[in-house]
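As structure tokens, the structure follows; a few thoughts come after it.
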Amino acid sequence: MAHLCATLHTLLHRLPRHRFPFDVAAIPRDGIYVLFEDGERAHGGDRIVRVGTHTGVNQLRSRLQQHFVKEN
């Protein structure tokens, strides 16, 4: 299982990153988001702390704003 976790971290570290506050226009309309925690390390890189998605079409941007821009 540790090998799968390491492989997932390695693959996701290669993808482009967006930081908060983010440019809404730079975020895809649909997709899966992966959050890394600054200062936390795993498998030679930043540790994944959350993976999520959204409901409906074209809702990724609003989902990110709901969770990470507006305080809950």
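Pairing residues of region 17-30 that are touching a residue at least 40 places away in the same chain (Cβ under 8 Å) with residues that are surrounded by 12 or more Cβ atoms within 10 Å (Cβ to Cβ), at Cβ distances under 6 Å and at least 6 apart in sequence or on separate chains, gives F20/F68; V24/R61.
I'd like to check something: does region 29-46 contain any residue that is of a type outside the set (A, V, I, L, M, F, W, C), closer than 19 Å to H3 by Cα, in contact with a Ser or Thr (Cβ under 9 Å, 6 or more places away or on another chain) and not in a strand (DSSP E or B)? Yes, because at least one residue in region 29-46 is of a type outside the set (A, V, I, L, M, F, W, C), closer than 19 Å to H3 by Cα, in contact with a Ser or Thr (Cβ under 9 Å, 6 or more places away or on another chain) and not in a strand (DSSP E or B). Considered as a group, the residues in region 26-50 that are hydrophobic (A, V, I, L, M, F, W, C) and out of contact with any helix residue (DSSP H, G or I) (no Cβ under 9 Å at 6 or more places or on another chain) include one that is surrounded by the fewest Cβ atoms within 10 Å (Cβ to Cβ), and that residue is A26. The residue that is modelled with the highest pLDDT, among those in region 30-72 that are in contact with a Leu (Cβ under 9 Å, 6 or more places away or on another chain) and on the phi > 0 side of the Ramachandran plot, is G31.
The values are calculated or read from the model by the stated rules, or taken from the named source; none is laboratory data. Only a predicted model underlies this, so the values are computations on that prediction, with no experimental measurement involved. Don't worry about glycine lacking a Cβ; one is built from the backbone with ideal geometry, like all the others, and counts go over all protein chains shown.
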